[in-house]
Amino acid sequence: MSHEKLENSLDEKKLKKLHCIVAAVLLILVLSALYAVWSGEGSLTLFYIMDNIPIYFHVDALARVFVTVTSIVWLLAGFYAFIYMGHEGNEKRFFFFYILVYVVLIALELSGNLVTLYFFYELMTLTSMPLVLHNGSREAIMAALKYLFYSMCGAYCALFGIYFLYQYCDTLTFRAGGTLNMTLVSGNETILLISVLMMLIGFGAKAGMFPLHSWLTSAHPVAPAPASAVLSSIIVKGGVLAIIRSVYYIVGVDFIRGSFVQTAWIILTLLTVFMGSMLAYREKVFKKRLAYSTVSQVSYILFGLAMLTPEGFVGGVLHVICHAFIKCALFLAAGSFIFHTGRTRVDEYAGIGKHMNITLWCYTIASLALIGIPPMSGFISKWYLAQGALQSQTGIFRFLGPAVLLLSALLTAGYLLPVTIKGFLPGKDFIPETGEGKESECRKERLDIMNAALIILAWFSILFGVLPNPLISYVSEIAYRLFQGGIR
C-alpha cells in the first residue's frame, strides 16, 4: 500500500471513529431526553438567580411534544450529516456544536419559568450561530452576524416585556391559564399590553415573523443542509414555544383577547404568511426558496395561536409537529440534490428524477404534505387552523385568515411542485447535460443513510395524516386545560 493510500485509510478510520462517537452520544442524549419526559411529570431546580427566581425545569404535556419532535428530527438529521458533511469538511466542529445546540434546546423546552426559558433562548442563538457560519465564507459570516443581530434585537424586545410581567404576575412559573394578578394590573392595562406586544415581536423574530424575519432567508441557504434542516424545522420553533409560554401560561388569553395586541398580532402573521409565500414563489435558488417557505409556514402556527381559541391552538401545535418533519425532509432533499449534482437553482433540476428518484419521491411526498393535500399531515393541521379562525371572535379576520391560508397553499404548490414535475417529466425538448467532470455523472444516488433519513421523514409526513387521532387527542387535552372547556 502506498503512503498516500495509507494516509487516506487512516483518515477514513478516524472519520468512522468520529461518527461512532457522535452516533453514540446522540443516541444516549435522545433516549435520555425521551425517557425523562415520558416517565412522568417532574421538576428540577438548579439554583436561584434571585430569592424568588430559580433556574427551574418542569415536564408537562407541551414540553413532551416539543422534546419528542426535536429529538426525532435531530437524530435523523444528525445521521444524514455523517455522509453529507464529508462534502463540507470541519466535521468535528460541526458535530460539537450540533450536539451542544440539542442540549440547549432540550433545556429550553423543559424550562419551567419565563426567566429560565429566556436564558436558554439566548443560549440557543449563541450556540447555533457557528452552524450558520460553518463554511467560513464571507457570505456565511455576514449571514451569521445578521442572525445574531436580529435574534438579539428580538430577545431584548422580549426582555422588556419580561421586566413588566415580573411586576404584575404572581409568579413567572408557567401555569395553564396565566399568572397575572388582575388587582395589580388594574389601571396599568395599556403599558402591560404594549409590553406583551413587544414580547410577541421579539420572540417572533426567531420564528421568522415580520418585521424581524429577513435573517432567516440569509442564514438558512449558506448553512450546511443538515444545519439548514434543523434551523428551519426546530430552532425557529424556539420562538413559537416562547410565545406559547408567554401568552398561554403567563399572560393568559383573556387579557389580550379583543385588544389591539391581538389585532396587531393577527395582521403581522397574515402579512408574513402571504409575503413569505410570494417571495418563495419568485425565488430561484432552491434553499432560499425553502427558507422563504419557512417564513410563511411558521406564521401559519402563529396565526392559529393568535386566534386565542382551542381549535386555533390545536392547529398551531399540530402544525409545529407536521412542519418539523416536512421541512426537515425538504431541506435534506435539497442537500442531497446539491451533494450529488453541485447545483443550487430550481431550474437546474430538470430530469433529476432519472438519477435521484428516491430523493425526488421523498421531496414530492413532503411537498404534498406542506401544501395540505389530504391525506397528508399538513391537511389536518391546516383544517384546525381554519376552524380556529372561523370560530374566533376576530371580526373580518374570521374569514380573511382562512382566505390568506388558502391563497398561500396555492402559492406553496406553485413553488414546490415544479421541481417534481420537471424532475420526473423534463419534456421532449430536454437535453441531459453530459461531459467530463459533471458531478451528476460522478455521484450516482444509492440507498444510504442520507436516503434512509429522508424516507423516514416522508413516512412521518404521511403517518400523521392517515392516523391523526392519537395526536389530535393529546394536543386537544393540552388545549382543554388551557381553555377550561376544551374543543367543542
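Numbers below:
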{"item": "For region 225-307: rounded, prolate or oblate by the Cα gyration tensor [a/c cutoff 1.5]", "result": "oblate"}
{"item": "Global form of region 63-148, assessed from the alpha-carbon gyration tensor, a/c cut-off 1.5", "result": "oblate"}
{"item": "Local net charge near L482, Cβ-Cβ under 14 Å (Lys/Arg +1, Asp/Glu -1)", "result": "0"}
{"item": "Carbon + sulfur, % of accessible area of the chain - ligands and nucleic acids excluded, 1.4 Å", "result": "65"}
{"item": "Nearest-ten-degree value, helix 114-132 long axis tilted from longest Cα axis of the chain", "result": "20"}
{"item": "Whole-Hz ³J(HN,Hα) from phi, Karplus 6.51 cos²θ - 1.76 cosθ + 1.60, for region 379-390, glycine and proline x", "result": "5, 5, 5, 6, 4, 5, 4, 5, 4, x, 5, 5"}
{"item": "Where labels lie 7 Å past Cα in the beta-carbon direction, separation of Y166 and E139 in nm", "result": "4.3"}
{"item": "Normalised per residue, the volume of the convex hull around the Cα set of region 27-183 (Å³)", "result": "123"}
{"item": "Cα-Cα P(r), region 128-252, percent of pairs per 5 Å interval", "result": "2, 12, 19, 19, 14, 11, 9, 7, 4, 2, 0"}
{"item": "Separation in nanometres of the label points that stand 7 Å from Cα toward Cβ, at L18 and F399", "result": "5.9"}
{"item": "With 20 Å bins from 0: P(r) over the chain, alpha-carbon pairs, percent", "result": "24, 57, 17, 2, 0"}
{"item": "Under 14 Å, Cβ to Cβ, from C20 - net charge with Lys/Arg +1 and Asp/Glu -1", "result": "+3"}
{"item": "Residue pairs, from the table K146/K354; K14/K237; K287/K422; K17/K146; K16/K354, whose Cα atoms sit over 27 Å apart", "result": "K146/K354; K14/K237; K17/K146; K16/K354"}
{"item": "Principal-axis tilt of helix 189-206 within the chain, Cα atoms, nearest 10 degrees", "result": "10"}
{"item": "Rh by Kirkwood over Cα pairs, then Stokes-Einstein D for region 312-410 at 0.890 mPa s and 25 °C, µm²/s", "result": "164"}
{"item": "Distance in nm between pseudo-label sites at R343 and T263 (7 Å out along the Cβ direction from Cα)", "result": "5.0"}
{"item": "The chain, accessible area per residue, ligands and nucleic acids excluded (1.4 Å, Å²)", "result": "40"}
{"item": "Rounded to 10°, Cα long-axis angle of helix 91-109 versus longest principal axis of the chain", "result": "20"}
{"item": "Inter-part distance where region 292-330 and region 39-77 are each reduced to a Cα centre, Å", "result": "21"}
{"item": "Computed FRET value (nearest 0.05) for L44 with E477, which takes r as the C-beta separation and R₀ as 25 Å", "result": "0.55"}
{"item": "Local electrostatic count at V251 - Lys and Arg +1, Asp and Glu -1, tallied over other residues with Cβ under 13 Å", "result": "0"}
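The values are calculated or read from the model by the stated rules, or taken from the named source; none is laboratory data. Please read all numbers here as calculations on a predicted model, not as lab measurements. When we count neighbours, we look across all protein chains shown, and the Cβ atoms used for this are built from the backbone with ideal geometry, even at glycine. Side chains included, ligands, DNA and RNA excluded: accessible areas come from the protein's heavy atoms. Shrake-Rupley method; radii C 1.70, N 1.55, O 1.52, S 1.80 Å.
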